[in-house]
2 protein chains.
Amino acid sequence: MTQGTVTTPKGFVAAATTAGIKPSGNSDMALVVNEGPEFNAAAVYTRNRVKASPVKVSREATSNGQLKAVLFNSGNANACNGAQGDADAREAQARAAEHLGVAADDVAVCSTGLIGELLPMDKVRAGVDVLVGALGDNGQAAAEAIMTTDTVSKQAFVQRDGWSVGSMGKGVGMMAPSLATMLVLVVTDASISNEALQQALEKASEVTFNTLDIDGSTSTNDTVIVMANGASGITPSQDEVDAAIMEACQSLADQMQGDAEGVTKRVSITVRGTANNEQALNAARTIGRDNLFKCAMFGSDPNWGRTLAAVGMADAEMDPDNISVMFNGQPVCVASTGAPGARDVDLSGMDIAVEVDLGTGGPGVATVRTTDLSHSYVEINSAYSS
Amino acid sequence: MTQGTVTTPKGFVAAATTAGIKPSGNSDMALVVNEGPEFNAAAVYTRNRVKASPVKVSREATSNGQLKAVLFNSGNANACNGAQGDADAREAQARAAEHLGVAADDVAVCSTGLIGELLPMDKVRAGVDVLVGALGDNGQAAAEAIMTTDTVSKQAFVQRDGWSVGSMGKGVGMMAPSLATMLVLVVTDASISNEALQQALEKASEVTFNTLDIDGSTSTNDTVIVMANGASGITPSQDEVDAAIMEACQSLADQMQGDAEGVTKRVSITVRGTANNEQALNAARTIGRDNLFKCAMFGSDPNWGRTLAAVGMADAEMDPDNISVMFNGQPVCVASTGAPGARDVDLSGMDIAVEVDLGTGGPGVATVRTTDLSHSYVEINSAYSS
């Protein structure tokens, strides 16, 4: 994957600043602006019924498939702040729009950080004023300004013949002390309709972000936005769009899994042999969310009995007497019974592949990626929030 | 609650022995025998599709509502052992039955311990032979012999006018390194039909064992059996039966929650204000299984935002803008917005009460009991299994 940022594709500029929202003094606001000529956009948002104010505002903004800018802040999620939270999100949106000379609903807003604290609006206003005066080739700085407990910034760049896709992301699921949220922005200078963008984004999200399940928690703020401006003059086919956006999302999801809080193992769980892909996904998720399974992974313990006990509770068709499990390609359970040498399989490496066949002969297959449950996870997530 | 064991009610005898199944050298087999004159029985078993061999055998044995004895072993779950596991469970059942001069299907068998290891049948055979020769007033010893990582034996005794209920239990959910299973035996010398017993047991399980959700895991071996022999000559009403069995189950569930692996907090989560009790239970379970919520409890952190983020994913009707949360009786979130002083609520004690109103005005209400997610939980559950 070539190097590049969200300001590498033609016609996108960005800025980042330290508005003082984060106590750490790290940068905490960013603005990415699409200079056109087209302003097609698509987005997917958290399925959580409790939605942060910026999610409500951005859903409205992207509902017409058009977007000219995205304003980010880290350090405060602006979630569970009632009517004042909504008003604050709208004020930030309107202020950025006014500076940029666009309509308010041309601007989406994304927040990540502590839930239940009002945005410090004096700092946010001053931050917006700085950002609009500092726009340029600052994709790297923007990617850094949206980090919360991320230890590295996350970007993915896809170069095609005459056009490209830049992207940045942060976080994964809800992982840190109330520092919620996965935020992703994907931009491209190809000419792509908003319908085609939405299709590509949903297809990519389904098998990347939606199958990345670190702790079963879903943020109030999760947002993925894609913008296309046609500045390259190239109109790729839907297949080409799908492939490029998939590639960027896949890379960001990989980076998120690798940087998950407290991770000592990257675990991929593939389930097959059930009625359909949805049931396979249910089963893979059920295993990936089982704390006993996750603790075993932390302990490099080839304890396949926990895999069977976990999957037995999944909403998926299975033959309870014909389930097979492989760890790192080695059979540890065949026909629901231990395989010779199962306890000696080496799981000491960082990557563990778990394959489960539910034994019905059905065509369903799905993969979920997760991590182990470590002391560090507990440590990070039990620290006092205030 | 008066003191008493499973051999305190008239007409029940028990024995315990050290067969050598546990590496620790602690006692690991027990037998409880109903001497009649009646042999009515009821049972509930794990909902896990992956069922241990003793669960399959005992389901058959209790299907006619009659039972004369229950044979227990700890240290080995006899789960995921294929046809050999089934054969071993049947052999143990038949051997006990032969010694007792009863039919094989008059004996239930219960196992708890490591999944995926064959029972050491030479030790089991010798153990059965010892047990049948040692029957007497050994309820306490039987309760100790079924312990795995339990730190204390668990018994509950209910004295009524002329009749009584004795009970013993072990474990809770799946909590230890492959040492699975909740096992419970309840006995009474009242005269109660098997239909009445089944009704009382299901009613009691619903609000005691089934709402005790430590880590969301469900064992392959979970079994609750109740036997009634009428030796007291007293026939209580259904209401009296329901109440007495409820009281015993409630006490055992309390003891299990208090002895859960790695527990530093006992957390009760009550949800109301949704369409019906089932939805309230879904919502309470969703909160109780959320690792971020559980880590906050471990940290004594009144981080109500995590409660909202967790419940927002629950399969329950809610008004996302009108959710309220109380910690230990103090409002921390009102109408989905932080309450004054919310961050200062004291959660330093061992017991934490969480009350959530989903704001729809609906009549649903349910309570789930869980524990925190501590370093100790991770430590215990990541230790190597073999």
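The values are calculated or read from the model by the stated rules, or taken from the named source; none is laboratory data. The structure displayed is predicted, hence computed values, not measured ones. Quick reminder, even Gly has a Cβ in these numbers, built from the backbone with ideal geometry, and neighbours come from all protein chains shown. Ligands, DNA and RNA are stripped out before the accessible areas are found, and what is left, the full protein with its side chains, is counted by its heavy atoms. Shrake-Rupley method; radii C 1.70, N 1.55, O 1.52, S 1.80 Å.
Tabulated data for the structure shown
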| read-out | value |
| --- | --- |
| Per-residue SASA entry for B:Asp150, accessible area with 1.4 Å probe, Å² rounded to 10 | 20 |
| Simple spin-label estimate for B:His99 and B:Glu35 in nanometres, 7 Å along Cα-Cβ | 1.7 |
| Solvent exposure, largest accessible area first (probe 1.4 Å, DNA, RNA and ligands not counted), of A:Thr270, B:Thr149, B:Thr220 | B:Thr149, A:Thr270, B:Thr220 |
| Inter-copy label distances at B:Ala335 (7 Å, Cα→Cβ; nm, one decimal) | 6.5 |
| Percent accessible area from carbon and sulfur atoms, region B:266-381, protein chains only, probe 1.4 Å | 49 |
| Heavy-atom SASA rank of B:Val334, B:Val356 (probe 1.4 Å, accessible area, largest first) | B:Val334, B:Val356 |
| Extreme residue, positive dipole direction of chain B, given options B:Ala19, B:Gln140, B:Asn40 (C-beta unit charges) | B:Ala19 |
| Assigned charges on the beta-carbon of Lys, Arg, Asp, Glu; the protein assembly as shown dipole about Cα centre (debye) | 480 |
| Region A:12-256, dipole about Cα centre (Lys/Arg Cβ +1, Asp/Glu Cβ -1), debye to the nearest 20 | 580 |
| Solvent-accessible surface ranking, highest first, for A:Thr181, A:Thr360 at 1.4 angstrom | A:Thr360, A:Thr181 |
| Volume per residue of the C-alpha convex hull in the protein assembly as shown, rounded to whole Å³ | 143 |
| For the protein assembly as shown, calculated [θ]222 nm from helices alone, where every DSSP H run of n ≥ 4 adds -39500 (n - 2.57) | -9500 deg cm²/dmol |
| Paired Rg and Dmax values of chain B, which use every Cα atom, in angstrom | 21.7, 70 |
| Other-copy label distances relative to A:Val130, 7 angstrom Cα-Cβ extension, nm | 7.5 |
| Most fluctuating residue given options B:Ala19, B:Ala145, B:Ala87, as computed from a GNM of chain B linking Cα atoms under 10 Å | B:Ala87 |
| Accessible-area value, B:Asp254, 1.4 Å probe, nucleic acids and ligands omitted, Å² | 70 |
| GNM result for chain A, Cα springs below 10 Å: residue of A:Gly364, A:Gly349, A:Gly127 fluctuating most strongly | A:Gly349 |
| Distance between modelled label sites at B:Leu118 and A:Glu206, nm, 7 Å Cα→Cβ extension | 4.6 |
| Accessible surface of region A:36-166 [probe 1.4 Å, protein heavy atoms]: carbon and sulfur percent | 48 |
| Solvent-accessible area lost in complex, 10 Å² minimum, residues of region A:330-359 relative to chain alone, 1.4 Å | A:Ser336, A:Thr337, A:Arg343 |
| Modelled FRET efficiency - R0 51 Å, A:Glu379 with B:Asp315, Cβ distances, 0.05 increments | 0.95 |
| Heavy-atom accessible area, 1.4 Å probe, ligands and nucleic acids excluded: residues of region A:285-310 down by at least 40 Å² from chain alone | A:Asn291, A:Leu292, A:Cys295, A:Asp301, A:Arg306, A:Ala309 |
| Nearest-10 value in Å² for the accessible area of A:Val207, using the 1.4 Å probe | 70 |
| Only Lys, Arg (+1) and Asp, Glu (-1) charged, at Cβ; region B:266-381 dipole about Cα centre in debye | 180 |
| Too-long pairs where the Cα-Cα distance tops 32 Å, listed order kept, from B:Lys123/B:Lys203; A:Lys51/A:Lys294; A:Lys68/B:Lys294; B:Lys51/B:Lys203 | B:Lys123/B:Lys203; A:Lys68/B:Lys294 |
| Net charge contributed by nearby residues that have their C-beta within less than 10 Å of B:Lys170 (K/R +1, D/E -1) | -2 |
| Surface accessible to a 1.4 Å probe, per residue, for the residues of region B:274-386, Å² | 34 |
| Positive minus negative residues near B:Pro236 (Lys, Arg vs Asp, Glu; Cβ under 10 Å) | -3 |
| Distances in nm from A:Leu118 to the matching label points in the other copies, shortest first (labels 7 Å along Cα to Cβ) | 7.1 |
| Restraint check, A:Lys22/A:Lys170; B:Lys170/B:Lys265; B:Lys22/B:Lys265, Cα-Cα greater than 22 Å | B:Lys22/B:Lys265 |
| Dipole of region B:12-256 [Lys/Arg +1, Asp/Glu -1 at C-beta], most positive-end residue of B:Gln84, B:Ser219, B:Ala30 | B:Gln84 |
| Total accessible area lost when B and A pair, probe 1.4 Å, Å² to nearest 100 | 4800 |
| Alpha-carbon centroid distance for the pair region A:79-110 / region B:59-100, whole angstrom | 66 |
| For region B:54-196: accessible area per residue (Å², 1.4 Å) | 31 |
